Amino acid sequence: MTSRNIKLAQPYAEALLELNSGSVDKVITDLNTLSTILSESADLTKALSNPLLSADTKKGIIKSVFEESVSSSIIKFLMVLCDRGRISYLDSIIEKALELAYQKSSIEIAHVISSVELTTAQEETLTAKLKSMTGAKQIKLKLSVDAKLIGGFVAQIGSKIIDNSVKGQLRQMSAYLGASVI
């Protein structure tokens, strides 16, 4: 997210959470649903970002796509974004709102990059280990794969980075030996 997007997303994300302050879990579920639908449909994202489409057309698209899957308060919020010409920033607003909702619910987000896709058992073990390391009540994993790590994983929770990758271990060894960094 660019700094401009963060500045735009912050007040809308806060307003969304304030609007739905009684049911943070429902908001998290709805925001994850929105995020999933948007990530799976490039055409929908393009349509909502298209400046040539009128706000009324975008409202119709939103109602037809999201009405069955999210709460009415989220739909109303999306309508306000259309009216204000901010619907093109929906991804940034969802990301910021999820971040704030997770903080409110005491859920830590762990960004994990692994060399291969993790199995469910590995995810559960990693979650339990990260909970004990951080003292967090809940951990939400955001997983991605990077074959350049050779093996292992890198996890980031807030400003804390846990580098358990082969690439990281080689980097540490080369620094210890005084060689150039890989």
What about GLU67, is it acidic (Asp, Glu), surrounded by fewer than 14 Cβ atoms within 10 Å (Cβ to Cβ) and closer than 22 Å to THR33 by Cα? yes
Just give me the residues in segment 133-154 being surrounded by 13 or more Cβ atoms within 10 Å (Cβ to Cβ), out of contact with any helix residue (DSSP H, G or I) (no Cβ under 7 Å at 6 or more places or on another chain) and modelled with pLDDT of 90 or more, in sequence order. LEU143, VAL145, ASP146, PHE153
Answer with yes or no whether SER23 is modelled with pLDDT under 90 and either surrounded by fewer than 11 Cβ atoms within 10 Å (Cβ to Cβ) or touching a Pro at 6+ places or on another chain (Cβ under 6 Å) (or both). no
Contact list, first residue from segment 151-180 and more than 20 Å from LEU130 (Cβ to Cβ), second anywhere and in a strand (DSSP E or B) and of a type in the set (D, E, K, R), beta-carbon distance below 9 Å, six or more apart or interchain, is ARG171/ASP163; GLN172/ASP163
Is there a residue in segment 38-53 that is closer than 27 Å to ALA155 by Cβ and touching a strand residue (DSSP E or B) at 6+ places or on another chain (Cβ under 9 Å)? no
Go through the residues of segment 83-92 one by one and say whether even a single one is out of contact with any Cys (no Cβ under 9 Å at 6 or more places or on another chain), free of Cβ contacts under 8 Å to residues at least 24 places away in the same chain and among the acidic types (Asp, Glu). no
Would you say LYS160 is buried (at least 16 other Cβ atoms within 10 Å of the Cβ) and farther than 26 Å from TYR12 by Cα? no
Identity of the residue in segment 110-132, modelled with pLDDT under 90 and within 30 Å of GLU14 (Cβ to Cβ), that ends up surrounded by the most Cβ atoms within 10 Å (Cβ to Cβ): LEU130
Looking at segment 163-182, which of its residues are surrounded by 12 or more Cβ atoms within 10 Å (Cβ to Cβ) and either within 23 Å of the chain's Cα centre (by Cα) or of a type in the set (Gly, Ala, Ser) (or both)? ASP163, ASN164, SER165, GLY168, SER174, ALA175
Inside segment 88-182, counting only helices (runs of 4 or more DSSP H) that do not spill past its ends, which hold 2 or more residues that are β-branched (Val, Ile, Thr)? 90-104, 120-134
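The values are calculated or read from the model by the stated rules, or taken from the named source; none is laboratory data. A quick note: this is a predicted structure, and the numbers were derived from the prediction, not measured. As a convention, Cβ positions derive from the backbone with ideal geometry for all residues, glycine included, and neighbour counts pool all protein chains shown.
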